[in-house]
1. Excluding residues on the same chain fewer than 8 positions from K429, give the aspartates and glutamates whose Cα lies under 17 Å from its Cα.
2. Tell me, V612, V332, V352 in order of fewest to most beta-carbon neighbours within 10 Å?
3. Return the sequence-ordered ³J(HN,Hα) values of the range 549-563 in whole Hz as given by the Karplus equation 6.51 cos²θ - 1.76 cosθ + 1.60 applied to θ = phi - 60°, using x for Gly and Pro.
4. Which order do C457, C495, C299 fall in if you start with the one that has the fewest other Cβ atoms within 10 Å?
5. Which label belongs to the value computed from this structure, given these candidates for Rg and Dmax of the Cα atoms in Å: [x] 34.4, 114; [y] 35.5, 122; [z] 40.9, 150?
6. Leaving out same-chain residues fewer than 8 places away, which aspartates and glutamates sit with a Cα under 12 Å from that of K745?
7. Starting from the Cα of K854, draw a straight line to each of the aspartates and glutamates and keep only those under 17 Å, dropping any in the same chain fewer than 8 residues away.
8. Structure shown: which of K47/K99; K314/K364; K109/K643; K641/K690; K92/K503 lie over 20 Å apart, alpha-carbon to alpha-carbon?
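FYI, it's all coordinate maths here, none of it is from the lab. None of the values given here were measured: they were computed from a predicted structure. Counting neighbours? That spans all protein chains shown, and the Cβs are built from the backbone with ideal geometry, glycine included.
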Amino acid sequence: MNEKYDASAVEAAAQAHWQATDAYRVREDKPGEKFYACSMLPYPSGKLHMGHVRNYTINDMLTRHLRMKGMNVLMPMGWDAFGLPAENAAMKNRVPPAKWTYDNIAYMKRQMQAMGLAIDWSREVATCSPDYYKWNQWLFLKMLEKGIAERRTQVVNWDPVDQTVLANEQVIDGRGWRSGAVVEKREIPGYYLKITDYAEELLAAVADPENKNYLSGWPERVRLMQENWIGKSAGVRFAFTHDIRDAQGAPIQDGRMYVFTTRADTIMGVTFCAVAPEHPLAEHAARDNPQLAAFIASCKAGGTTEAELATKEKEGMPTGLSVTHPLTGEAVPVWVGNYVLMSYGDGAVMGVPAHDERDFAFAKKYGLPIRQVIAVERETFSTAAWADWYGDKQRAVCVNSGELDGLPHKDAVDAVAARLEARGLGEKKTTWRLRDWGISRQRYWGTPIPIIHCPDCGTVPVPEKDLPVVLPEDLIPDGSGNPLHKCAAFVDVACPQCGKPAKRETDTMDTFVDSSWYFMRYTCADNHDAMVDTRTDYWMPMDQYIGGIEHAILHLLYARFWTKVMRDLGLAKADEPFTRLLTQGMVLNHIYSRKTAQGGIEYFWPHEVENVFDAQGKIVGAKLKADGSAVDYGGVGTMSKSKNNGVDPQDLIDRFGADTARLFTMFAAPPEATLEWNDAAVEGAHRFLKRVWAFGLKLHGLAATPADASDASRKLRREVHLTLQQVNFDYGRMQYNTVVSGAMKLLNALEDADAAAVGMAVALREGFGILLRVLYPATPHIAHALWAELGFATEHGDLLDAPWPQVDESALVQDTIELMLQVNGKLRGAIHVPASADKATIEAAALASADFAKFSEGKAAKKVIVVPGRLVNVVV
């Protein structure tokens, strides 16, 4: 056994052993209860980052621990390999996205293997492989057959220079992020998946604890985020009538402008209506109003998401048109508002500025009337400020509303709905914030949509026998649009129905499609004849999913939807894909920067600076080590290459070994909490592992001959098994930081024990065997090596499948116990009494102790209070 801990040699040997024995291949026929633990698959960006290390180590600890407890545990891995970053890299480096992607996958896979992760690589998938995306296409066609997928038009951000659709985050100040061209809103055809058909079922599992599929194993925060995104709202949909006619003299939208509101009790407070820039009334008004047309054009430049519009300054312009209030008959002016989305509801909203913050700001900006129609007792209304009574449904009643006056919220809503329905202008309705999922992307690097466009037959699905429609992998985007348009070998094809010349669809699928079912493909990745098989039913639903909170809405919602579609098509049995969800915290590091002479920001690596502290030890600044010049300290933030505060896991592995990197990320914070990087703590983790190795070396030379137990050996065994009891509890709740604390406590106890005491050699060996098994899920390499070196493998087999240590209840029994001694409530010492001692015996021992004699100052005891198992308090 080497005297010094050589992490590189230890880890290379352990990994060679695992590879030679195919240790991590998982089979469905293995005995034991199944457990499926999966981390969200990474995008192959080129290198792992510390967030990856943390995520995968959490998964690995869970996998190894449960396997040692006799369960059949699956931990797979794959690559979310399609998407825009590969196209951007291709343009920058002039290489096909495929080459960039596959090179990155190879490098990142080597990094994962260097971490010693217990991944079953026989199940690896890459979403850019035809073997994988064939089934995206196949299921899409099945959805078309069932009416779950359909073709319709969509409003998109169009870059006229790059000739491509931009995501909302790629539109900066109304211009394309790359070309700088003014972005246009265009309505183009695309394919949608009807996720709204599943809205009720998707909502029930996150909002109704009585539902059979309620996701109780998910964080409450994530359930609430999904509930809000789905956004079920009960209200009234009604029409403002008008006689505005189009060029042919027909009433626009049949003379009705519909709106939806959850607060119909405020209908008498409407002083204006706002419509989306794309609304037919807005477009009609703009025909003869150049100024309005220019405003509408400016509204169409920029993003289209609710999140972006919520933070945007609310702007509007009058159309000169008016509609008729359905109850009062008053004329209500119509404005175009940049905050109104055509894709939500009917593209129009009623403005009630007295009782809606957004409407209030809009009315104040443009001098529109503000009319109070809701009152709360003892509250004073003022048009100078916004009164937030809109949400106070319990105390609010209608005022200034004619026949509605005095009615509380629910009664007023019912009364308004009844009046509108009687006039044929409205009815109660439930609406959803959730919208159907548009999957068409005018991008190259993605799953080809299996559709052929024929001049005679129209849109024709690709026959199942011709799947997959293979994406050419040798194209290089040049920024002038989707290169598939120019690839005749891909585009030009015969119509499957009539045989005439036709064109392939050049749109590709949203990459969320790829990540919506990959976890099912892991279960049967070698099946080339079916999307899933019976093995999927064995493993699904997944028992534990691990990933970042940034995926709490879209990815998780789409995966839940996709699972339900597969269930309804008879492909899977699970109602929900993920039983438990853990959202691990971000990895943070210090940020140092300063402004350049040109007005930019220059960032510095933490190792390049020395911190400047105030009197309380708080960092208030920094200075460069090179020249002592001042640097601004920006606090801690998410690790980022752009801010020079990232840590390369490979560098960490090269310096200290993978076990040190793993141990630090597990010890520094609970899995759900943010982790602040600390170089000293990393070195501390490495020192701890060197201590473990050193103790193993000491034990290697210690003969563990059987002997009767001594008080010292019994004390050690009790401490070891008490700690194991706590560690078992912490493993069960995935609090791996306190698991590592327990391992450190175990080592301290072993090091502090008197090795020469009678029976101690046996107790030390037992304790160290427990320590190695406790540490193994966190630091598998060093534990594997020491387990073999000390002969434990001969006794119990390979550590990976060694039985998890059991708490010896007899070791916890004490012959004597220690009780704290207080005199007049102040701690003055301790006494030792038999564990079975009664109250009288304890009182006698306390009064006879030297500590009582010293601190009672000769005074007699007035009262003795015994707290069983804890303390004795003598009152004098």
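1. Candidates past the 8-residue exclusion: D197, E200, D265, D346, D411, D414, E421.
2. The fewest-first ordering by Cβ neighbours comes to V612, V332, V352.
3. 5, 5, 9, 5, 9, 5, 4, 5, 5, 5, 5, 5, 4, 4, 4
4. Ordered by Cβ neighbours within 10 Å, fewest first: C457, C495, C299.
5. Checked against the structure: label [x].
6. Cα-Cα hits under 12 Å: E719.
7. By straight Cα distance, K854 reaches E843.
8. K109/K643; K641/K690; K92/K503
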